[in-house]
Every structure is written in structure tokens, then in C-alpha cells.
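In what follows, a single structure is set out as C-alpha cells and then discussed.
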Amino acid sequence: MHSNSTAMYKSIIRPILFWFDPEQVHHFTFSLIRILNKIPLVSQLIKKLYTVEDAKLVRKVFGLTFKNPVGLAAGFDKNAVLYNELANFGFGFIEIGTVTPKGQAGNPKKRLFRLKDDQGIINRMGFNNDGLEAAITNLKNNKGHVIIGGNIGKNTHTKPENYTQDYLDCFKALHAYVDYFVLNVSCPNVSSHAKLNDKAYLEELIIAVQQANKSFEKQKPIVLKIAPDLNNNQLDEIIDLVISTKLDGVIASNTSIDRSGLKASHERLEHIGNGGLSGQPIKNKSTRVIKYLSEKSHKAFPIIGVGGIHSAQDALEKLDAGADLIQIYTGFIYEGPKLIKSINKALLKRG
């Protein structure tokens, strides 16, 4: 059944979906998953097909217990509308967001592009989301099937002196509803984000969020999501920052602005324009970042590895490089939901 469902996805379902605009397909897929899960017994069937339950897959990271190490990266379920249904595909955790205090439309469309020959995606969505209130309303329906991460950012039109306030607003309001937080400071699709890469500012931001965390009875883990394009000096700064501020960990990595080595033609890339590249083309880049952080810091903090995981083998590479957990996004779109199961099966086979 498993190989059949894979073949069916790649030979029939994916080619049909790939005829259409990627953003429209995203909305269509959402509606479809939602409708299917409303049909009696279908959610149990999906669960039975895709979920692998085994004590050997359990991971304890940041003081949380993940039933398996395979997560869904932020950007897929931005507004926390589908996490209960997505949990049925066997994810160990799901990251919602990026959430900003106010809802915003994001960048003008078209803003999501497939690079089929490269098995990649370029996006410049620009943190489009329905805002904090909408996310909280949706998170109140949490059935508790899966660990939820909250990926938070700033509104596009927020002035630099108010960046921290945006993060704090999201952090405080979402605190009761998510299991861990991600400070998204590395998205290339948000204008005026140079300040977010400045070490001194990052330190100020992290300390402010840590202070807010202390005001709650139960603290939530906080991790930093970083770019795959950082050089070794910048990665050394990240290691210092994480250790000095006692952050709980790092997500490596976000999308890339590097276009080198792509099969897509120069004309096509010119036509697409700016955006963050994800999927297979950034696989080695993100693995390099994971390996560097892990080795240089002597595994001083947990790492969530993300970027170009399209097979069980890709996932194992990330874990071998030093990742404690992994996340998929583009691979989920190209390979279909069986990817989660095949990774977990490969982990069990490894023992």
C-alpha cells in the first residue's frame, strides 16, 4: 500500500497539482485535507496509513517529549488552521506561523514559484498571515495530538525601534497556546530586516523575550531560526549568542538567497526575482550549518535541522550532522505525506 500511495502521488496527484499556481494549490490542498478529515473514519484511516508509533522514536528535546523527531516547518500552516488534521500524517511536531501581531497581506502576488528541475521552491510571501488574534482563536481548538511550535515575527511596517515590542506582543499572547517558540529573524522576504541580523540587536531581542518568559509560571523553550547563508564567523557569533543568552536551541535553516548551481535558467530566475530558496538546492548548505554549529559548540544546544529533506536518507544526513529533530516543508510538497512515514521507518530500521 505504501509504495502504491507513493507512486500514485508522484504519477497522478502531483502532476495535476503542479499544473496550477502554487499558492492556489496550497489553499486547495488545505481545503481538501480539511474536508476529508470531516468524513467519518477518514482521519482514523489517514492516521493508520501514515503514523508510526514506537517508543524508539521518542525524543526528549528542550524538556519536551516528541513522539518522533519529524516536524512540519513553519509557513505551511501559518494561521494554525490545520494542525489537528496535519497531525494525522504522523508528524512529531508542527510549527505554526510566522505569526505577526497584526494580520497582513504580505507581498504582491505572484510570490511562490516552483523550480521543478531543482526540486525547489522560491517564495517571497512576506509574512502573510491573519495575525495574532486569529492564530489564538484557532489554537483554542487544539486537540492535543501533537507538539505545537509558535514561529513569531514582526509586522512589515513596524519601525525598527518597535521590532522588539512586536515579538513580545506575539510571545506573551501565544504563550499559553504553544509548546515552544521560534524567533524568526532570518526570513529574506521581509524588508528592512538588516537590523535583525545585527548581533547586538539580536542579543537585546533575546534578552527581552527571556525576561518576558520569566514572568510566566511555566517557561516555554525559545529557539532562534537562522539563515543557511551565514559564514563561519557569523555562525561563531550565533554560537556565542545562544550560549551567552541561554537560548534553548537553533533551527538551521531558513531559506537561502543564493542562486548558485541551479538547473533553472538564468532567464527564469530573473523572471522570478527575489525570494527565499527552499528544497533540494539548499540541502547541503543547511547540513553544513548544522554540522558546523554542532561540532564547534560541542553540542552545547539542540538543533532542529531543516532544508532539502526529500527522502529518509536526507533526514538521516541531517541527524548525523548533529540535528536532534528535523522539519520538512518543500519535501512534503514534492514527495507527499508518505515522506514522514519513510523517515520514521528508516530511523527504526537503524535501531
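The values are calculated or read from the model by the stated rules, or taken from the named source; none is laboratory data. None of these values were measured; they are calculated from a predicted model. Virtual Cβ from ideal backbone geometry, glycine too; neighbours counted across all protein chains shown.
Within the range 255-270, residues that are of a type in the set (S, T, N, Q) have Cβ atoms under 7 Å from residues that are in a loop (DSSP other than H, G, I, E, B) and surrounded by 14 or more Cβ atoms within 10 Å (Cβ to Cβ) in these pairs: Thr255/Pro188; Ser256/Pro228; Ser256/Asp229, counting only partners at least 6 apart in sequence or on another chain. If I filter the range 198-207 for residues that are more than 18 Å from the chain's Cα centre (by Cα) and aromatic (Phe, Trp, Tyr), do I get at least one hit? Yes, there is a match, as at least one residue in the range 198-207 is more than 18 Å from the chain's Cα centre (by Cα) and aromatic (Phe, Trp, Tyr). Note on the range 266-281: among residues that are of a type in the set (A, V, I, L, M, F, W, C) and in a helix (DSSP H, G or I), the one that is surrounded by the fewest Cβ atoms within 10 Å (Cβ to Cβ) is Leu269. Remark: pairs (first residue in the range 196-217, in a loop (DSSP other than H, G, I, E, B) and loosely packed, with under 12 Cβ neighbours inside 10 Å; second residue modelled with pLDDT of 95 or more and not aliphatic (A, V, I, L, M); Cβ separation under 9 Å; 6+ apart in sequence or on different chains) = Ser215/Lys172. Any residue that is surrounded by 21 or more Cβ atoms within 10 Å (Cβ to Cβ) and over 18 Å from the mean Cα position of the chain (by Cα) - is there at least one of those in the range 282-299? Within the range 282-299, one or more residues are surrounded by 21 or more Cβ atoms within 10 Å (Cβ to Cβ) and over 18 Å from the mean Cα position of the chain (by Cα). Residues in the range 87-101 that are in contact (Cβ under 8 Å) with a residue 60 or more places away in the chain and not hydroxyl-bearing (Ser, Thr, Tyr): Phe89, Gly90, Phe91, Gly92, Phe93, Glu95, Ile96, Gly97, Val99, Pro101. Are any residues in the range 11-30 among the polar types (S, T, N, Q) and either at pLDDT 95 or above or surrounded by 12 or more Cβ atoms within 10 Å (Cβ to Cβ) (or both), and if so, which ones? The answer is Gln24, Thr29. Has the range 275-293 got at least one residue that is out of contact with any helix residue (DSSP H, G or I) (no Cβ under 7 Å at 6 or more places or on another chain), under 25 Å from Lys67 (Cα atoms), of a type outside the set (Val, Ile, Thr) and without any contact (Cβ under 8 Å) to a residue 60 or more places away in the chain? Yes: the range 275-293 contains one or more residues that are out of contact with any helix residue (DSSP H, G or I) (no Cβ under 7 Å at 6 or more places or on another chain), under 25 Å from Lys67 (Cα atoms), of a type outside the set (Val, Ile, Thr) and without any contact (Cβ under 8 Å) to a residue 60 or more places away in the chain. Being at pLDDT 95 or above and over 17 Å from the mean Cα position of the chain (by Cα) is a condition met by at least one residue of the range 67-78. Total residues in the range 159-187 satisfying the condition of being assigned to a helix (DSSP H, G or I) and surrounded by 17 or more Cβ atoms within 10 Å (Cβ to Cβ): the figure is 10.
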